[in-house]
1. Please return the ranges of helices (runs of 4 or more DSSP H) entirely within segment 543-629 where 1 or more residues are buried (at least 17 other Cβ atoms within 10 Å of the Cβ) and more than 28 Å from the chain's Cα centre (by Cα).
2. Looking only at segment 648-697, count how many residues are aromatic (Phe, Trp, Tyr), surrounded by 19 or more Cβ atoms within 10 Å (Cβ to Cβ) and more than 25 Å from Gly711 (Cβ to Cβ).
3. Is segment 240-247 home to any residue that is in a helix (DSSP H, G or I) and either of a type in the set (Gly, Ala, Ser) or closer than 30 Å to Arg181 by Cβ (or both)?
4. Between Leu364, Leu329, which is within 12 Å of Gly185 (Cβ to Cβ), under 43 Å from the mean Cα position of the chain (by Cα) and assigned to a helix (DSSP H, G or I)?
5. Quick check on this structure: which one of Lys241, Lys270 is under 13 Å from the mean Cα position of the chain (by Cα), at pLDDT 80 or above and surrounded by fewer than 20 Cβ atoms within 10 Å (Cβ to Cβ)?
6. Within segment 208-223, is even one residue out of contact with any Asp or Glu (no Cβ under 7 Å at 6 or more places or on another chain), surrounded by fewer than 19 Cβ atoms within 10 Å (Cβ to Cβ) and not in a loop (DSSP other than H, G, I, E, B)?
Amino acid sequence: MRRVDFSTVIGIIIENCRENMHISKDRERAFTQTDLITGIFSEYYDNCDDKIFESSSISRWIKGSRPVPADLINFYRDNGCESIGYDFQDNCVDVVYDLSNLCNELVTLVSNDYSLSEEKKNEILIDIDTADESEVCHFIGNIIFAAIDRPFVPADKPMLPTSAITVSEYVFGADVPAPCRYFCGRDNELEELYSVLQEHSKIFISGFAGIGKSEFAKAYAKNFKKEYRNILYFNYHGSLKEAITDMDFAGDNHSDDEHTRFTKHIRFLKSLRSDSLIIIDNFNTANDSFLSTLINYGCKMIFTTRSKIDCGHIFDLDVIKNADELYQLVGKFYSYADENKAVINELIETVHHHTLSVEMIAKLLEKGLHSPEEILEHLRQNSADPESADKIKISKDGFSAKGTYYNHIRSLFSLYLLDENYQSIMLNMVLVDEVRIRYFVKLLELNDTNGINELCELGFIKNSHADLVSLHPMIRDVVLLDLKPTFENCGTFIANLKSRLQIIGYELPDYAIIISSIRNVMKYLGSTDSSSYLNFLETAYIFLDNYHEYDFMEIIISETEKLLDDDKLGTDNNRALLLNNKAMIPANRNDKLAKSISLMNKALSMCDEKSNPVLFTNINMNLGILYVENKETERGLEFMNKAYLFIKLCRSYNDDFITIARNYASTLCDNMRVNKALDVLTECEFATEDCCSNNHAALLFDLGAAYILSGNYPLAVKKYNLAFAEYSALGCTDELTARKIAAAQQMQRYGYEYPKKWETDYLECP
């Protein structure tokens with residue numbers, strides 16, 4: 001995917017110029033690339049050393065091997081970029097063969113650049129009349145300046161590509177898992193699916209739970225992978241928007257909120273064409289609001305579903321009718337299948353050819369707990385005619401009701417007589433969607449992986465690929481109804497999950513897993529213990545705020561409000577925290593500052609500073625922020641100062657203290673009170689010198705920025721270097737690069753040269 005940088009923008013302009021850029025009527029010679037560049041930057045060219053515009057230098061700018069000089073960029077920063085558009089119109093527009101086409105190509109470039117924020121795009125993509133030369137040239141000037149004014153990335157650095165090239169290296173964790181090693185049969189259905197996809201680009205593979213829809217889709221991807229340039233896969237867990245947002249793309253930043261991530265990701269998915277395939281597994285809903293949008297995209301899509309879908313083409317997948325193929329499946333697990341063929345065939349018929357049931361029977365037989373005849377008798381007592389009984393019904397939340405196949409699974413489950421340790425593993429695995437074995441072991445504080453491995457062998461836990469495990473949806477339903485997870489019997493998992501939720505100083509690599517676990521706790525445990533649920537929601541909110549999950553935060557607020565409607569639940573501090581959270585949601589602050597300030601003042605009046613000093617401090621700080629946003633700066637600074645002094649008095653020298661100090665100092669700097677800001681930041685630095693976190697590194701960076709504002713270059717460099725060292729120690733390589741670029745740009749803005757040792761692939765000294 002092309003990026004809005006100088007090399008790309010100029011390349012598009014050159015492509016839209018007349019051949020050899022030669023205009024015989026008006027010029028005696030060809031209009032060269034050097035003429036084009038000096039014409040665009042004419043105002044700067046007339047006031048600088050013309051050595052900067054040597055043809056060799058210009059060639060490097062156009063190729064993207066060297067950045068445009070910082071002096072040129074700073075000139076237009078200081079004097080405005082409007083002259084670029086005027087100079088382009090005066091000096092260059094006559095060599096463009098189709099100005100309207102050039103404009104459209106540049107609009108497309110900006111629109112499809114995932115690395116640009118939506119705010120920046122809206123700033124560049126002004127409404128213009130493509131027939132108006134002046135307006136178009138003004139737009140071109142804007143985009144040229146935007147291209148040179150962003151961090152330089154060499155042209156040979158790979159960007160997120162379009163469907164023209166393979167995306168597997170740029171979209172992480174989206175590879176299709178291999179089908180299970182014992183997948184068999186379905187050859188005719190696979191060929192049929194391929195034929196149907198040639199005619200219908202969006203296919204919904206529909207069928208009862210446990211017949212192998214997921215494995216069938218995976219097998220299709222394996223068998224026909226050469227037919228597609230790109231195949232992406234993800235598991236559906238309640239929301240298409242959330243699934244797309246949670247995808248891991250190259251170029252994602254920790255600072256991106258969920259809207260920014262979603263916008264970048266969906267823009268990429270929209271760019272995929274019919275040579276790409278997306279598989280969305282377990283799409284067990286008919287009410288996802290984004291489905292109608294997604295199915296209009298150009299790539300092919302396969303959904304697996306248990307629900308009735310009213311759009312797309314339905315591909316009905318039935319049970320495997322050939323009993324011999326299911327007998328072969330039994331033989332892959334049960335060593336004595338040949339000696340018991342007649343009984344096994346009866347078992348297959350008794351469970352109505354249901355794939356998961358057949359697999360569980362085979363594994364139960366191999367375990368040796370029951371004979372084939374004993375299992376057959378047990379099932380006969382619980383069997384039903386699949387044509388006359390409910391098979392699998394889906395309620396609003398995707399929960400499976402009682403039905404024929406479900407009863408088979410439940411009946412077989414009871415035969416295993418799992419001990420408490422195994423039951424505990426199953427109970428807690430309800431709270432994760434797909435998780436690495438070692439990570440789950442850590443959360444559950446297990447001594448080893450033996451229990452999980454055994455449950456995988458029994459078929460209760462799926463080991464999809466690598467070391468990723470999950471519960472089959474039907475097994476999850478059985479566990480929910482028969483074992484009944486609660487906050488109490490899942491206590492160890494919940495305690496360790498909450499400890500992860502309280503880590504906010506740096507980005508966690510297991511962020512996506514934690515998010516999915518929060519959703520599952522809310523879905524499955526919320527009704528089991530209101531007090532524990534309230535505490536969990538409050539902890540989850542702080543974590544989500546750190547990752548800018550604003551939509552999810554609003555869901556948390558709504559759930560918290562429902563709980564606190566009960567006067568017997570919670571305290572005034574709980575209600576003060578709820579009001580604080582409501583006031584600080586961005587959606588509530590946009591054009592509703594008066595309401596947010598009112599909510600925060602009410603929260604302050606309810607909060608008990610003695611029983612919860614941290615909450616009292618944060619409410620004061622947040623109230624100060626709201627007043628500043630409302631242009632009541634002095635009043636805002638009063639509350640910020642109150643918060644800073646109070647938390648310092650409490651000697652709470654932790655991440656909260658750092659956040660308070662940084663927010664206060666930032667506002668002071670914005671209002672030209674740099675010395676006071678330096679006092680606050682320096683005091684905080686000394687008080688938290690033993691802290692090593694992303695937030696502490698940011699504190700040191702803020703100190704460097706403040707020293708630049710004060711004119712103290714040596715101390716600025718010192719603090720910046722300390723910040724970079726801390727980012728490096730934390731392994732925050734992306735943030736380290738971004739901070740180096742930001743520091744260098746700030747120094748250049750104030751007339752300083754940055755140290756050569758800050759050079760990276762993205763930053764070169766002038």
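The values are calculated or read from the model by the stated rules, or taken from the named source; none is laboratory data. These figures come from a predicted structure and were not determined experimentally. Positions of Cβ are generated from backbone atoms using ideal geometry, with glycine treated the same way; all protein chains shown enter the neighbour counts.
1. Numbers: elements: 550-564, 572-584, 586-589, 593-606, 613-629.
Hits in segment 543-629: 550-564, 572-584, 593-606, 613-629.
2. 1
3. The answer is yes, given that some residue of segment 240-247 is in a helix (DSSP H, G or I) and either of a type in the set (Gly, Ala, Ser) or closer than 30 Å to Arg181 by Cβ (or both).
4. None of the others qualify; the one that does is Leu329.
5. On the way: Lys270 fails: under 13 Å from the mean Cα position of the chain (by Cα).
Going through Lys241, Lys270 in turn, just one is under 13 Å from the mean Cα position of the chain (by Cα), at pLDDT 80 or above and surrounded by fewer than 20 Cβ atoms within 10 Å (Cβ to Cβ): Lys241.
6. Looking for residues that are out of contact with any Asp or Glu (no Cβ under 7 Å at 6 or more places or on another chain), surrounded by fewer than 19 Cβ atoms within 10 Å (Cβ to Cβ) and not in a loop (DSSP other than H, G, I, E, B), one finds at least one in segment 208-223, hence yes.
Every residue, every condition in (1) without any contact (Cβ under 8 Å) to a residue 40 or more places away in the chain; (2) out of contact with any Leu (no Cβ under 8 Å at 6 or more places or on another chain); (3) in the same structural domain as Val136 (by TED's automatic domain parsing), yes or no:
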site: Ile52; (1), (2), (3): yes, no, yes
site: Ser59; (1), (2), (3): yes, yes, yes
site: Ala70; (1), (2), (3): no, yes, yes
site: Arg77; (1), (2), (3): no, yes, yes
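This table checks each residue for (1) surrounded by 18 or more Cβ atoms within 10 Å (Cβ to Cβ); (2) aliphatic (A, V, I, L, M).
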{"residue": "Leu277", "(1), (2)": "yes, yes"}
{"residue": "Phe290", "(1), (2)": "no, no"}
{"residue": "Ile295", "(1), (2)": "no, yes"}
{"residue": "Gly298", "(1), (2)": "no, no"}
{"residue": "Thr304", "(1), (2)": "yes, no"}
{"residue": "Ser307", "(1), (2)": "no, no"}
{"residue": "Asp316", "(1), (2)": "no, no"}
